[in-house]
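The values are calculated or read from the model by the stated rules, or taken from the named source; none is laboratory data. On a predicted model such as this, the values are computed, not experimentally measured, just so you know. Cβ coordinates were reconstructed from backbone atoms using ideal geometry, including for glycine residues, and neighbour counts include every protein chain displayed. What goes into the accessible areas is simple: the full protein's heavy atoms, side chains included, and nothing from ligands, DNA or RNA. Shrake-Rupley method; radii C 1.70, N 1.55, O 1.52, S 1.80 Å.
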Protein chains: 2
Amino acid sequence: MSPAKRSTVYDVAREAGVAASTVSRAFSNPRRVGAATREHVLAVAARLGYRPNPLAGALQSGRTATIALLVPDITNPHFFGTIRGAERRAKASGLTFILSNTEESGDNEQRQFERLERSVDGFVLAAGRMSDETTKDLAREHNLALVNRRVDGLPAAIVDDGAGSRQIVEHLASLGHRSLVYLSGPKESWHAAERWRALSTTAAARGLRATRLGPFSPRMESGAAAADAALVDGASALVAHNDLLAIGVLRRLAERGLNVPRDRSVVGYDDIFGADLCVPALTTLAGPHEEAGRMAVELLLERVTLPGTPTRQVVLPAHLVVRDSTGPAPE
Amino acid sequence: MSPAKRSTVYDVAREAGVAASTVSRAFSNPRRVGAATREHVLAVAARLGYRPNPLAGALQSGRTATIALLVPDITNPHFFGTIRGAERRAKASGLTFILSNTEESGDNEQRQFERLERSVDGFVLAAGRMSDETTKDLAREHNLALVNRRVDGLPAAIVDDGAGSRQIVEHLASLGHRSLVYLSGPKESWHAAERWRALSTTAAARGLRATRLGPFSPRMESGAAAADAALVDGASALVAHNDLLAIGVLRRLAERGLNVPRDRSVVGYDDIFGADLCVPALTTLAGPHEEAGRMAVELLLERVTLPGTPTRQVVLPAHLVVRDSTGPAPE
DNA sequence: AGAAGTATGGCAAGCGATTGCCAAAAGTTG
DNA sequence: CAACTTTTGGCAATCGCTTGCCATACTTCT
């Protein structure tokens, strides 16, 4: 496949009349070699089309200049912001950024982790599905930062869904709703637990009845089941684990001849692309997910480059985007 | 960070009373070692928590058991199917799959390529933005397969947009439209060229006037500019480079007080999530993109494992999904 | 001018696997 | 039972780069 063998440090060294170590340093540690020599080496290297083999470097140094982002579902728009933010931040530091899909499974996540552990300098785990214990174990041997998940002692960037969930309840309460259901996400989801906690306590404080149903997988297709379950419950407000589910719910309600927001109010989380395209446009909790992705990489980099730094957990504010899927309670 | 040093082939070898080469072979070439020995080695390895360092292996063997998919924009729903298909196929063969974003730029794509070239066994380029020449050059030294792009002598999985575009024109013609504009995508996009070719020739054959406008970046935000340009042209049917752009166009037309499909018809490409959520629901060309991703990996693997195999270019049929954004021509 | 300090380059030993080659053991065959 | 083939395991070189240590050469200071 490759007729012309790739040139190595040795080829460049020979051609430039220096030692291999000098070539290496000319690339990776410029200040360790004279300016003139360096220039010369670089020129020769360019002429030979030399490019360092990152594998060889990593094998010796243990550093790969690469970080990985593990995401439960790449095609879930919820993660777009996170992905984009993390990627931008990584590239800004000259790091290779790789993205891997864990398919909503903790086992899978761990498997990916193990596959990549030697090939990257650190991991960002978005919405990690592994248990706290497993996560901590892995953190003992590797650099990692979390997004939207809180585990003792690990750096994390977290969108404040607790406060956001309170906003949702207050919004519903102010519209006169007396009851709500939470259509819950995957049971390993830290967010799902967090949201329910905040929803139920705030609901109690405001005198609303709150029920949790599910878990439902956070995709549009689950909307029908979720909507039907909610109708059995009878609550006037449905809070779905995410926008995909919420949109699925909207469709199902329409199918069953109910009008939103007249008969039922529906709220989602994430403010994904499509949330304002559907009819009625979805009321949803928007969060600075791009910022969260950026911040997670930032925290990871702190770990890698300044091992002494105390662990930080950064909380970012969310805000409710009110659209047409919520309205006054019926009757 | 890692208190307990990772164990190596040598540790396992010592502990099991065999040579390092035997340990290596027990993992990577089982049939080359006696069944009993192998069992024993594996047991010891498990006890020591040994896991092969893929970097070290790759350095020597040149094989990484990893493939990369390069995508212009990870957050563009158009690529979801491709990503999913490619990932599934790769995992089915036990390969590590990594995904990288090229941000719609050929230069960026090439840079990513060079960063990863030594770390992967091959590349799948989805909607490659590099020139034919550059692509061929890279293919000389690396295994690669293309999605939705045709370059002489390179394996490719292609959704048949040509035929699809003809369907679009015929659909519009049958509704009485006498003119259309194509709101073009990025100028490096092979698809954009392909689509225009098919649209314009079919239009000519059917006696429609066809104009190309653009390039527009294939995102919702560009919809306003695209719509305005189209209105100046005056054509009754607007064919947008993709659904994102088409949705942007729909919004702009609504803003300007035009009714779709009464005043204008709008067609997109891709049938992304959201195409049937917006109002009016979008008529769009759907393609088997998941299958294309799967197939591209398949072709890549043929190259890697059976170097003799003739290069194949597989064409997959597309079909028009007619929804509410197209209707009879005005007047 | 001599001592002390700094900048620069080379030597060589790794990093942790893979693999070609060889030798011993085991299995076949006439 | 000798001659031959096949299995199985070990030796040691190798992949391409990094880096600790040492030897010069060049500054700087007293």
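Over the residues of the protein assembly as shown, the helix contribution to mean residue ellipticity at 222 nm works out to -13500 deg cm²/dmol, using -39500 (n - 2.57) for each DSSP H run of at least 4. Carbon-plus-sulfur accessible fraction, the protein assembly as shown (probe radius 1.4 Å, protein heavy atoms only): 50%. Beyond 25 Å in Cα-Cα separation lie the following of the pairs A:Lys136/B:Lys91; A:Lys136/B:Lys5; A:Lys136/A:Lys187; A:Lys5/B:Lys136: A:Lys136/B:Lys91.
Rounded, prolate or oblate, given the Cα gyration tensor of the protein assembly as shown, with a/c below 1.5 counting as rounded? List each step's numbers first, then the result.
Details: a/c = 2.04, a/b = 1.26, b/c = 1.61.
The shape class here is oblate.
Summarising the strand pairing of the stretch A:40-145, around 0 percent of its internal DSSP beta bridges are antiparallel. Evaluating 6.51 cos²θ - 1.76 cosθ + 1.60 at θ = phi - 60° for every residue in the stretch B:154-170, the Karplus couplings come out as 10, x, 7, 10, 10, 7, 6, 6, x, 4, x, 5, 4, 4, 4, 4, 5 Hz, glycine and proline recorded as x. Interface residues of the stretch A:19-65, defined as those with an accessible-area decrease of at least 40 Å² between the chain by itself and the complete set of protein chains (probe 1.4 Å), are A:Arg51, A:Asn53, A:Leu55, A:Leu59. The residues neighbouring B:Lys5, those whose beta-carbon lies less than 15 Å from its own, together hold a net charge of +1 under the Lys/Arg +1, Asp/Glu -1 convention.
A simple rule links phi to the HN-Hα coupling: the Karplus curve 6.51 cos²θ - 1.76 cosθ + 1.60 with θ = phi - 60°, which for the stretch B:253-264 gives 4, 4, 4, 8, x, 9, 9, 10, x, 5, 8, 9 Hz, with x for Gly and Pro. Taken over the stretch B:9-52, the percentage of Cα pairs per 10 Å bin, counting from 0 up to the bin with the maximum distance, is 35, 62, 3. Inter-chain Cβ neighbour count for B:275-285, averaged per residue, equals 3 (cutoff 10 Å, partner chain atoms only).
Annotation: amide H-H contacts under 5 Å for B:Gly128 (H modelled 1.01 Å from N, sequence separation of 5 or more, or interchain): B:Val147.
For A:136-147, what's the mean count of beta carbons from other chains sitting within 10 Å of each residue's beta carbon? Before the final figure, lay out the partial values.
Numbers: counts 0, 0, 0, 1, 4, 5, 2, 1, 0, 0, 0, 0.
Whole-number average of other-chain Cβ neighbours for A:136-147 is 1.
Rounded, prolate or oblate: which fits the stretch A:161-287, taking a ≥ b ≥ c as square roots of the Cα gyration tensor eigenvalues, rounded meaning a/c under 1.5, else prolate when a/b beats b/c? Rounded. With an 8 Å cut-off on Cα pairs and a minimum separation of 6 or more residues, tell me the relative contact order of chain A in percent. RCO, chain A: 18 percent. Projecting the alpha carbon convex hull of chain A along each direction and taking the average yields 20.6 nm².
Per-residue Cβ counts within 10 Å, from other chains only, averaged over A:71-78: what number is that? Don't skip to the end; give the middle numbers.
Numbers: counts 1, 0, 1, 8, 9, 1, 5, 0.
Partner-chain Cβ atoms within 10 Å, mean over residues of A:71-78: 3.
Distances between placed amide hydrogens fall under 5 Å for B:Leu285 paired with B:Gly268, B:Tyr269, B:Asp270, B:Asp271, B:Val321, all partners being 5 or more residues away or on another chain. Result for chain A in a Gaussian network model with C-alpha springs under 10 Å: among A:Pro52, A:Pro30, A:Pro310, the largest mean-square fluctuation is at A:Pro30.
For A:Thr211, the residues whose modelled amide H falls within less than 5 Å of its own, excluding neighbours fewer than 5 places apart on the same chain, are A:Leu180, A:Val181, A:Tyr182. Give me log10 I(q)/I(0) at q = 0.22, 0.23, 0.25, 0.28 Å⁻¹ for the stretch A:276-331, Debye formula, one equal scatterer per alpha-carbon, no solvent. Here log10 of I(q) over I(0) equals -0.87, -0.91, -0.98, -1.07. Given the stretch B:93-227, what whole percent of its Cα pairs are spread farther than 21 Å? The proportion of pairs with Cα distances above 21 Å equals 51 percent. Computed from backbone phi with θ = phi - 60° and the Karplus coefficients 6.51, -1.76 and 1.60, the 3J(HN,Hα) list for the stretch A:300-317 is 4, 5, 4, 4, 5, 8, 10, x, x, 3, x, 5, 10, 10, 9, 10, 10, x Hz; x is used for glycine and proline.
Taking a ≥ b ≥ c as the square roots of the Cα gyration tensor eigenvalues, with a/c under 1.5 meaning rounded and otherwise prolate when a/b beats b/c, else oblate, which class fits the stretch A:66-107? Before the final figure, lay out the partial values.
Numbers: a/c = 3.66, a/b = 1.64, b/c = 2.24.
It is oblate, given that a/c is not under 1.5 and a/b is not larger than b/c.
Taking both sides together, what accessible area is buried at the A/B interface, probe 1.4 Å, expressed in Å² and rounded to the nearest 100? If you can, show how the numbers build up before the last one.
Values: alone 16060 and 16040 Å², together 27350 Å².
In total, chains A and B hide about 4700 Å² from solvent.
Once the 1.4 Å probe is applied to the protein heavy atoms, chain A comes out at 41 Å² accessible per residue. Taking 50 Å² as the minimum loss, tell me which residues in the stretch B:246-274 lose that much accessible area going from the chain by itself to the full protein complex (1.4 Å probe). Hits at the 50 Å² cut-off: B:Arg251, B:Phe273.
Of A:Met295, B:Asn53, A:Val260, which is farthest on the positive side of the dipole of the protein assembly as shown, counting Cα position, with +1 on Lys and Arg Cβ, -1 on Asp and Glu Cβ, and the Cα centre as origin? Toward the positive end, the furthest listed residue is B:Asn53. For the stretch A:227-302, the Kirkwood estimate of the hydrodynamic radius, built from every pair of different alpha carbons, is 13.5 Å. Taking the average, over residues, of other Cβ atoms within 10 Å as the packing measure, peptides A:207-215, A:187-195 rank A:187-195, A:207-215 from highest down.
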